[in-house]
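Asker: Sharing a structure, written as structure tokens. Questions coming.
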Amino acid sequence: MVVDPDTEARSFEWNSAEVVPAPVVKELPGGGIAWDDAVNYAGTAQRVCGPLAGGGNSDDDVFLNLGRDYPDSERFQIVIWDVGGLEPIDGRVTLCTSGPITLYEGVAQIELTDPSLIEIYE
């Protein structure tokens with residue numbers, strides 16, 4: 001605020017500099033990396049967490065999409081091979097799992113054969 005000494009009128013000078021928000025730190029249950037960072041860790045074993053965005057199955061295989069749903073190529077995918085099916089999972093949960101991150105057609109994923117390796121947080 002600027003005050004004119006003769007008239008005591010007050011005025012504001014606006015700073016035209018671009019405001020850059022502080023980075024948001026993603027709190028993940030039990031640590032690990034966020035689903036949208038996983039693609040940067042392809043080829044390494046990590047613990048990945050993210051909100052369940054959707055899922056599907058093909059034969060006995062189950063696909064759980066974190067962050068974004070299929071067919072969005074920026075999603076993170078948990079693939080559970082030969083499991084047959086899963087109990088329904090509430091859509092407002094965060095899932096975490098650990099394992100080697102691979103890329104399939106540009107989509108980061110962790111492949112499992114045991115669904116008990118998926119942690120569910122409400």
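The values are calculated or read from the model by the stated rules, or taken from the named source; none is laboratory data. Keep in mind it's a predicted model, so treat the numbers as computed, not measured. A quick note on method: Cβ atoms are made from the backbone with ideal geometry, for glycine too, and the neighbour counts reach across all protein chains shown.
To keep it simple, each residue is scored yes or no on (1) among the charged types (D, E, K, R); (2) at pLDDT 95 or above.
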| site | (1), (2) |
| --- | --- |
| GLY85 | no, no |
| ARG92 | yes, no |
| PRO100 | no, yes |
| ILE110 | no, yes |
| ILE118 | no, yes |
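Asker: May I pose another question? Give the residue that is surrounded by the fewest Cβ atoms within 10 Å (Cβ to Cβ), with candidates limited to residues of the stretch 55-88 that are part of a strand (DSSP E or B) and out of contact with any strand residue (DSSP E or B) (no Cβ under 6 Å at 6 or more places or on another chain). Break it down stepwise before answering.
Answerer: Pass one, the stretch 55-88, residues part of a strand (DSSP E or B): 55-58, 61-66, 76-80.
Filter once more, so that each one left must be out of contact with any strand residue (DSSP E or B) (no Cβ under 6 Å at 6 or more places or on another chain): 57-58, 61.
On the way: ASN57: 14, SER58: 8, ASP61: 15.
The qualifying residue surrounded by the fewest Cβ atoms within 10 Å (Cβ to Cβ) is SER58.
Asker: Could you list, in sequence order, all residues of the stretch 98-122 that are of a type in the set (Phe, Trp, Tyr) and either more than 12 Å from GLN77 (Cα to Cα) or surrounded by 15 or more Cβ atoms within 10 Å (Cβ to Cβ) (or both)? Don't jump to the end; show me each part of the working.
Answerer: Initial filter on the stretch 98-122 (of a type in the set (Phe, Trp, Tyr)): 104, 121.
Answer for the stretch 98-122, where residues must be of a type in the set (Phe, Trp, Tyr) and either more than 12 Å from GLN77 (Cα to Cα) or surrounded by 15 or more Cβ atoms within 10 Å (Cβ to Cβ) (or both): just TYR121.
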